[in-house]
Amino acid sequence: MCGIVGIVGITNTVPRMMEALHRLEYRGYDSAGVATLHGGELHRCRAVGKIAALDSKLVDQPIKGDIGIGHTRWATHGEAVEVNAHPHMADGLAVVHNGIIENFASLKKELIENGHNFEGETDTEVVAHLISEYLARGLAPKDAVFETLKRIEGAFALAIIIKNENERIFAARRGSPLVVGMGKGENYLGSDAIALASLSNKLIYLEEGDWAEISREAVTVFDMTGAVVTRPVTYSQVSNTFADKGNYRHFMQKEIFEQPFILAQTIGKYFDQTGGGVKLPAGDFDFANVSKVTIIACGTSYYAALVAKFWLEKMARISVEVDIASEFRYRDPVYTEGGLAIFISQSGETADTLAALKHAKAAGQSILSILNAEESSMSRESDMVFPIYAGPEIGVASTKAFTCQLIVLAALATEIARARGKLDEAGVVSAINSVGEIPKLVADVLSNHKGIEKIAHKIAKARDILFVGRGLHSAIAMEGALKLKEISYIHAEGYAAGELKHGPIALIDENVPVIGLAPHNELFDKTVSNLQEIMARQGQVIVISDHDPSAVGSNGEDLMSFKMPKCDDIASPIVYAVPVQLLAYYAAVEKGTDADQPRNLAKSVTVE
Ligand code: F6R
């Protein structure tokens, strides 16, 4: 969360920083700002809202400078108002920050006692004042930065420019990623390779505790003790082209509708339809002797993990534990020797998932990450990386990344089942054939999108909506509820249908639509019983099923329904994810919310 860019350049940095901030907008869009050094003096421009607001403000109040730092904010401490927007300044220096300074309250108290005046409520402002305090005490800029780093606690990526220091940016990283880009007579700094995509592909990833002095000609990296260290130079493959919406109104809509093509692409990477079996980028890792599987993720990626648990237990007969990353490491988890820990993340940067990964790694588990961002903090920490090949996902609400994660997890489940002798060659061929059907099944659903649009129109005015399903589809019910609430702001919850009578059924009345995911499988009759319990209490059931909706019953009139194609247990959760994505999207359009950049959210969650 929060995006950082910095340039020590030979020409005006502002247009290039703005370009980088647009690339970084997925990290947060509460406010944005840039600060430059020009003629030894600091200049700053900040605006509340998306980067476009800063673009406009810079037209009226232009600033320039050959050295600059920029920031796009996802608010942690302090509201999204201009005084809390970065860069923060104190007595001749400017700071941008991603992360949380956990001891900011005690530092702020101390600094106020020393006569410092604070402008806003952010934790970041203490960093600016602390450096200025050390400068005022006569320390050289580099020493003032180092002393400050020794005092602050928490997670941070920082970039600092100081008045009259026309040759350098200081940078520091603890907990939050930061990468240095190398250019010709210029050097750069960014939150990730995406920020620097049009500036440089020659990168140095700062490591935990590193800090750096970046000038036009040199990059000097120090470790936590202040010793100069050498970090490897890598070359990024991240493309510098901006994704565009094509003829779609929103990126989310485009990303939903391109799934048949994207899924086919990912399937092609993992499933050889010409008899070669499942192809995993796992080297010689021995899946046959894995003692236990633990899968950790957040949000939508966590729901992909829940689906994978069903598949792995059923197909491979292996014990699978699934947990949300923010809880995992704090509950003192029990690992088994020879365990495989799988981390699922679109961004590869989610702070909680990354911390859980490091926890499992320290406990000696084999680490497998399933990622969309192949160049990410998680990929650098993993023993095996399985890319999902979804391409850039710009809509903050994950859609195609979720279904691509499921394709990769289906490949993994099939291979673990085969390696453990639970699936014979015919079983593998049947799994490959069933995955091969998915793009067409998804295309069938998409071609009937008008049916979902009608349902969205009906439910968009509801205050509360429930999604229910059984088995694999309980996870899709939860995903559907998450998607709906995050982009349409309608309160929604997803439940295993059988759980409703243990409490949530108290919510049901004639104003509560309930979306029932009811594929005609071995749990269909049980799902129908649960839907009838809802109808008996006047709940407005809407059925998404491949079966005749009259089999579910009626409320005196025909049930509203959406007809699904027939699919088996591998294809089904992937194909049923599509109508719930569409439902959320059309409900958001109906309500006029911003489907691509919903309030309060960010695409990459790099704080705990
Ligand atoms: C919801 C969504 C989030 C993410 C979660 C984890 O649509 O996208 O719930 O799934 O923040 O992010 P990643 O997958 O990047 O670790």
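The values are calculated or read from the model by the stated rules, or taken from the named source; none is laboratory data. All figures in this text were calculated on a predicted structure; none of them were measured in a lab. Counting neighbours? That spans all protein chains shown, and the Cβs are built from the backbone with ideal geometry, glycine included. Surface areas here come from the heavy atoms of the whole protein model, side chains and all, with no ligands, DNA or RNA. Shrake-Rupley method; radii C 1.70, N 1.55, O 1.52, S 1.80 Å.
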Item to complete: Might you check whether a residue that is farther than 21 Å from residue 434 by Cα, in contact with a Cys (Cβ under 7 Å, 6 or more places away or on another chain) and in contact (Cβ under 8 Å) with a residue 12 or more places away in the chain occurs anywhere in the range 261-270?
Response: no
Discussion item. Of the residues 400, 422, 440, only one is within 16 Å of the ligand (Cβ to nearest atom) and modelled with pLDDT of 95 or more; which?
Written reply: 400
Worksheet item: Which one is most open to solvent (accessible area, probe 1.4 Å), of the residues in the range 463-500 that are away from the ligand (no atom under 16 Å from the Cβ) and in a helix (DSSP H, G or I)?
Response: 499
Discussion item. Quick check on the range 547-582: of everything there that is open to solvent by 30 Å² or more (accessible area, probe 1.4 Å) and aliphatic (A, V, I, L, M), which residue is nearest to residue 488 (Cα to Cα)?
Written reply: 560
Worksheet item: Scanning for something more than 27 Å from residue 266 (Cα to Cα), of a type in the set (D, E, K, R) and more than 16 Å from the ligand (Cβ to nearest atom), does the range 455-462 turn up at least one residue?
Response: yes
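Just to be sure before I move on: is residue 207 surrounded by fewer than 20 Cβ atoms within 10 Å (Cβ to Cβ), in the same structural domain as residue 15 (by TED's automatic domain parsing) and in contact with a Lys or Arg (Cβ under 8 Å, 6 or more places away or on another chain) in the structure I sent?
So residue 207 fits the description; yes.
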Discussion item. Quick check on residue 92: is it out of contact with any Leu (no Cβ under 9 Å at 6 or more places or on another chain) and surrounded by fewer than 22 Cβ atoms within 10 Å (Cβ to Cβ)?
Written reply: no
Discussion item. What pairs come out if I take residues in the range 329-348 that are open to solvent by 10 Å² or more (accessible area, probe 1.4 Å) and modelled with pLDDT under 95 and pair them with residues that are among the β-branched types (Val, Ile, Thr) and within 15 Å of the ligand (Cβ to nearest atom) whose C-beta lies under 8 Å away, six or more apart or interchain?
Written reply: 347/605
Worksheet item: Looking at residue 459, is it under 30 Å from residue 512 (Cβ atoms) and in contact (Cβ under 8 Å) with a residue 24 or more places away in the chain?
Response: yes
Worksheet item: Would the range 293-305 turn up any residue that is more than 23 Å from residue 390 (Cα to Cα) and more than 14 Å from the ligand (Cβ to nearest atom)?
Response: yes
Worksheet entry | Residue satisfying condition, being within 19 Å of residue 570 (Cα to Cα) and open to solvent by less than 30 Å² (accessible area, probe 1.4 Å), within set 256, 295 | 295
Discussion item. Quick check on my filter: what residues within the range 10-58 are among the acidic types (Asp, Glu) and open to solvent by 40 Å² or more (accessible area, probe 1.4 Å)?
Written reply: 19, 41, 55
Response to the item:
Reported set for the range 114-133 where residues are within 22 Å of residue 165 (Cβ to Cβ) and open to solvent by less than 20 Å² (accessible area, probe 1.4 Å) is 124, 125, 126, 127, 128, 129, 130, 131, 132
Worksheet entry | Members of the range 522-545 found to be surrounded by fewer than 19 Cβ atoms within 10 Å (Cβ to Cβ) and part of a loop (DSSP other than H, G, I, E, B), listed by number | 522, 536, 537, 538
Practice prompt. Please work out which one of (1) open to solvent by 10 Å² or more (accessible area, probe 1.4 Å); (2) within 16 Å of the ligand (Cβ to nearest atom); (3) touching a residue at least 60 places away in the same chain (Cβ under 8 Å) is the condition residue 357 fails and give its number.
Written response: (1)
Worksheet item: residue 123 passes all but one of (1) under 30 Å from residue 350 (Cβ atoms); (2) in contact with a His (Cβ under 9 Å, 6 or more places away or on another chain); (3) at pLDDT 95 or above; which number fails?
Response: (3)
Worksheet item: Any chance the range 430-453 includes a residue that's over 30 Å from residue 270 (Cα atoms), under 28 Å from the mean Cα position of the chain (by Cα) and open to solvent by 10 Å² or more (accessible area, probe 1.4 Å)?
Response: yes
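For the range 150-225, please list each of the strands (runs of 3 or more DSSP E) lying entirely inside it that holds at least 2 residues being in contact (Cβ under 8 Å) with a residue 60 or more places away in the chain.
154-162, 168-174, 187-190, 211-215
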Item to complete: Taking the residues in the range 583-596 that are in a loop (DSSP other than H, G, I, E, B) and within 12 Å of the ligand (Cβ to nearest atom) as candidates, determine which candidate is surrounded by the most Cβ atoms within 10 Å (Cβ to Cβ).
Response: 595
